[in-house]
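Dropping a structure here in structure tokens format, bear with me for questions.
The values are calculated or read from the model by the stated rules, or taken from the named source; none is laboratory data. This one's a predicted model, so the numbers in the text were calculated from it and none came from an experiment. No Cβ is skipped: glycine too gets one built from the backbone with ideal geometry, and neighbour counts run over all protein chains shown. The protein model used for the area step is the full one, side chains on, heavy atoms only, and it has no ligands, DNA or RNA in it. Shrake-Rupley method; radii C 1.70, N 1.55, O 1.52, S 1.80 Å.
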Amino acid sequence: MTSRSTTEAMAERRVEIARTLKRYHARLARKVEALRGDLAEAERAAEFRTWAETLLAYLRQVPARAATVVLPDPADATRNLTIALDPKVSAQANAARYFKRAAKAERGLKQVPPRLSATEAEAHELEVLLARVAALEEGASDTALVDDAALDQDLESALARLPVALRAGLRPGGASSGAARTGPARAGSMAAVARGEERAPSARLQPRRLKSAEGWDVLIGRNNEGNDYLTHHLARPEDYWFHVHGAAGSHVVLRRGKGANEPSKATVDEVASWAAFYSQARTAGRVPVIVTRKKYVRKPKKGPPGLALCTNEKTVMVRPREPERESSG
């Protein structure tokens, strides 16, 4: 068992690393904006070259010390081009500058997109990691953990990849065990208790009750205690259990029953999209959702309400989707 002092040390380490990663993420965000500006400039390469060629073609028609000039497009006589000029230099010098900008922009068209993609991917990876840290801090009493204990290890790995100067203020430390915790689900309207099912001790524990498009019964926890009651009291061993990965959210159970029927992939994706919607990742694009059988989900001894450890899970990628009102039971 992890001692209290060790747990506190792990938490402090996590906060230190997260603070450093946030600073680096801010730097990456600024770099992304700068690269997007470079790409916008690069995409004007053809325009700059056309302006340069036009100025050379009509040098004698360019007034001295003009700030702009309107000239016919050499490629299309029915079209005029308005070209900005530096009035301090000659038309020929302005043309040379546009040729130089065009050459630089053409190089940028090759160099900037891969740099931008790589920086955006790195920033997104950090954003997801920091969201997992935030979920742990905000939802300490409602926890769905995968047994891989990956969060602290992922934080240490991300830290190791940072420039040395950014890591200078942090003491070295190894990856320690931990995982993303998830937080309370949103409250919703009350639903009737299913026939033959015991009534929850209080209305607060009653889950939402929905039906999938193919008619499968689905239960969704409303809060910390409701998640705990749903997963560890109402759910049956062969039911399917869903939870968004790496963010705070509801426990979701698909009633499988005792027959041989299995939910289709469409149903699994549908219910997973509801689990994503009832989570802190509801505004994201595509979200990873854990799916496993209830018999592979357990509550640790003396664990707080909502705590769940799962094994034998698979992950599906879905877009968060709010259930249709007509599906409520």
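Heavy atoms of the protein only, probe of 1.4 Å, neighbouring chains included. What is the accessible area of ASP76 in Å², nearest 10?
60
What Kirkwood radius, in Å to one decimal, follows from the Cα pairs of the stretch 60-99?
10.6
For an R0 of 41 angstrom, estimate the FRET efficiency from the Cβ-Cβ distance between ASN261 and THR283 and round to the nearest 0.05. Before the final figure, lay out the partial values.
Details: r = 34 Å, r/R0 = 0.83.
Computed FRET efficiency for ASN261 and THR283: 0.75.
Just how large is the dipole of the stretch 54-140 about the Cα centre, in debye to the nearest 20, putting +1 at every Lys and Arg Cβ and -1 at every Asp and Glu Cβ?
Once rounded to the nearest 20, the dipole reads 920 debye.
For a label point 7 angstrom out from the Cα of GLU120 toward its Cβ, which stretches of the stretch 26-55 have the backbone nitrogen within less than 12 Å?
32-33, 35-37, 39-40
A further question follows. Calculate, in nm to one decimal, what GLU16 and LYS211 gain on full extension: separation in residues at 0.36 nm each, minus their alpha carbon distance. Could the numbers behind the result be given before it?
Numbers: separation 195, 0.36 × 195 = 70.20 nm, distance 4.44 nm.
Between GLU16 and LYS211, full extension yields an extra 65.8 nm.
Related question: For the stretch 1-117, compute Rg over Rh where Rg is the Cα radius of gyration and Rh is the Kirkwood radius from the inverse mean 1/r over Cα pairs. Each step should come with its number before you reach the end.
On the way: Rg = 25.2 Å, Rh = 17.9 Å.
We get a ratio of 1.41 for the stretch 1-117.
Roughly what would the spin-label model give for ARG27 and ALA165, points 7 Å off Cα along C-beta, in nm?
According to this spin-label approximation, the distance is 0.7 nm.
Determine the order of LYS104, LYS294 by accessible area, beginning with the largest, at a probe radius of 1.4 Å.
So, going from the largest accessible area down, we get LYS104, LYS294.
Which sequence of HIS251, HIS124 reflects their accessible areas, 1.4 Å probe, from the largest down?
Ranked from most to least accessible, the order is HIS124, HIS251.
Also, quick follow-up: Among PRO114, MET10, ALA57, whose Cα sits farthest toward the positive end of the charge dipole of the stretch 2-121 (+1 at Cβ of Lys/Arg, -1 at Cβ of Asp/Glu, about the Cα centre)?
Result: MET10, furthest along the dipole toward the positive end.
Tell me the relative contact order for the stretch 218-261 as a rounded percent, counting alpha carbon contacts under 8 Å between residues six or more apart.
Reported as a whole number, the value is 45 percent.
Among LEU81, LEU71, GLY37, whose Cα sits farthest toward the positive end of the charge dipole of the stretch 23-87 (+1 at Cβ of Lys/Arg, -1 at Cβ of Asp/Glu, about the Cα centre)?
Going by the Cα projections, it comes out as GLY37.
Next question. Distance cut-off 28 Å, Cα to Cα: go down the list LYS258/LYS314; LYS211/LYS301; LYS265/LYS295 and report the pairs above it.
From the list (LYS258/LYS314; LYS211/LYS301; LYS265/LYS295), the Cα-Cα distance tops 28 Å for LYS211/LYS301.
Report relative contact order for the stretch 212-329 in percent, whole number only (criteria: Cα-Cα under 8 Å, sequence separation at least 6).
Working: 240 pairs, mean separation 34.1, N = 118.
Computed over the stretch 212-329, the figure is 29 percent.
When the chain is fully extended, how far beyond the present Cα-Cα distance does MET317 get from ALA66, taking 0.36 nm per residue of separation?
Using 0.36 nm per residue and subtracting the Cα-Cα distance, I get 84.6 nm.
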